[in-house]
Amino acid sequence: MKYTHPALLDHLASAYVLGTLGGGARRRFERLLHDRSDVRMQVALWEARLGQLAVSIPERSPSPRLWSAIEARTRPGPAPAVTGAVAPGLRWLKPAGFGFGCFALGVLALGVLFVSAPALFISSDQLAMRSGEKLPQSYVGLLTDAQGQGKLLVSSLRHGKTLTVKVIGPITPPAGGRLVLWALPASGAALALGAVPSSGTAISVLPDTSEKLLSQVSKLQVTLETDGAPAHPSGTVVFSGNCAKLW
Amino acid sequence: MPPDTRTLEMLIAAAAQGDHASFALVYQRTHTHLFGLAMRILGQGQEAEDVLQEAYVSIWKNASGYRSAVDGQTIQAMTWLIAIVRNKALDALRLRARRKESALPEPDALSDDGIPELPGSAAPSPSALQLLEGATQALHIAGCMNALDGSHRQSLALAYYQGLSHTEVATHMGAPLGSVKAWIRRGLDKLKSCLAAQGGLS
């Protein structure tokens with residue numbers, strides 16, 4: 001089956017989210033979902049559509065034990081009561097115990113790496129990336145405010161057509177207008193990369209691959225625009241930063 | 001202590017930074033809704049609680065995976081949570097079907113509307129179609145969706161609210177499989193256009 005047709009992808013995404021895409025088709029679609037950001041976006045949009053239908057489902061209360069079970073599996077570190085229970089005379093043991101724990105963990109991690117090493121080394125970039133040894137070739141930008149506080153992390157795979165904008169410092173949503181992200185090439189006109197969210201992470205589709213759009217771009221900036229779709233930056237510059245190649 | 005005024009989106013962002021207290025608030029604010037959703041698909045019993053437990057552990061671990069906007073469209077945090085729970089509930093349902101070595105529900109295990117009977121629940125559960133009507137009214141798309149044939153709406157409702165497969169919907173409705181597939185597809189297309197017309201997701 002060809003997965004290039006937008007209407008087909010939209011149909012598959014809707015059936016996947018609804019749950020009616022079954023068997024082999026579901027597994028093939030899940031592989032596609034793993035590999036392609038445009039497919040993940042289609043799925044996210046269908047999740048947003050179908051998720052709204054859940055509004056009418058009556059609420060129910062699970063047993064109070066459920067939260068305890070979730071808490072036990074998610075609360076980071078040892079519970080405070082346990083830490084406090086160590087006798088004063090034995091306190092010196094704690095750092096040593098911790099150190100040994102780290103050492104044991106390191107040995108374990110190394111062991112796992114050795115066992116899986118053949119699989120890691122026979123393959124290419126992608127496996128190296130998945131094992132965490134290497135970052136994929138991407139364009140990245142870090143934007144700060146006038147005081148140098150980090151505000152936005154912008155990233156896009158070199159040959160991808162998806163842009164991710166992550167808010168890393170608190171942003172006060174502007175009272176009027178909206179925040180627009182711009183790519184400023186060394187020469188030529190600025191290119192609007194889309195609106196900036198006030199929190200969380202936003203993804204959007206680029207008109208072309210980032211290699212084509214961003215290879216000559218060294219600066220990024222965010223301006224406050226009142227026009228709905230400004231052709232060039234005209235408002236106040238709110239954040240700015242460099243755009244760099246991650247390879 | 002004054003009630004926390006942070007939005008669900010902010011709490012998830014804080015949880016992504018490792019703030020467990022914010023994660024506890026996410027649970028507090030959403031678990032009854034999400035448990036209702038899991039129970040709707042899986043019926044009463046331990047399975048729905050197990051699914052919810054797995055879902056919240058996964059939410060805690062992948063809180064940084066939440067995307068607040070996709071292609072310029074705002075994605076509510078609740079949408080993201082619903083998708084996680086629904087996927088896990090559907091996985092559990094598929095596993096149950098495989099274990100039974102039969103994808104078809106026993107006819108007598110279903111009420112008239114294809115809802116697994118919930119033993120011990122005092123109030124009768126609304127039917128899938130009633131839930132769809134309730135939702136389309138709340139979303140102000142009831143008029144638009146009612147342009148669809150009743151069987152189209154019924155098949156979409158059974159697939160969404162009961163997690164039934166194409167074959168199960170066909171069996172339940174006593175309709176040919178091919179027709180049911182077409183009905184559900186038309187139902188989804190209609191939902192998309194109705195929401196877009198309402199100014200929602202295009």
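Data overview
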read-out: Filtered residue count, region A:169-189, keeping only those that are modelled with pLDDT of 90 or more and in a loop (DSSP other than H, G, I, E, B); value: 1
read-out: Hey, residue B:48 at the interface with another protein chain (Cβ under 9 Å from one of its Cβ atoms) and part of a helix (DSSP H, G or I) or not; value: yes
read-out: Complete set of residues in region B:1-28 that are more than 9 Å from chain A (Cβ to nearest Cβ) and closer than 26 Å to residue B:93 by Cβ; value: B:26
read-out: Candidate set from region A:183-202 (those that are in contact with a Ser or Thr (Cβ under 9 Å, 6 or more places away or on another chain) and under 14 Å from residue A:140 (Cα atoms)); member that is nearest to the other protein chains (Cβ to nearest Cβ); value: A:193
read-out: Residue B:98 being within 12 Å of chain A (Cβ to nearest Cβ), assigned to a helix (DSSP H, G or I) and modelled with pLDDT of 90 or more; value: no
read-out: Members of region B:73-86 that are within 15 Å of residue A:16 (Cβ to Cβ), within 8 Å of chain A (Cβ to nearest Cβ) and surrounded by fewer than 24 Cβ atoms within 10 Å (Cβ to Cβ); value: B:83
read-out: Residue in region B:140-159 that is within 10 Å of chain A (Cβ to nearest Cβ) and surrounded by fewer than 17 Cβ atoms within 10 Å (Cβ to Cβ) present; value: no
read-out: Meets criteria (at pLDDT 95 or above, within 16 Å of residue B:23 (Cα to Cα) and assigned to a helix (DSSP H, G or I)) for residue B:57; value: yes
read-out: Within region A:190-212, considering residues that are assigned to a strand (DSSP E or B) and of a type in the set (A, V, I, L, M), the one farthest from the chain's Cα centre (by Cα); value: A:191
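The values are calculated or read from the model by the stated rules, or taken from the named source; none is laboratory data. Everything quoted here is computed from the prediction, not taken from an experiment. Note: ideal-geometry Cβ built from the backbone for every residue, glycine included; neighbour counts use all protein chains shown.
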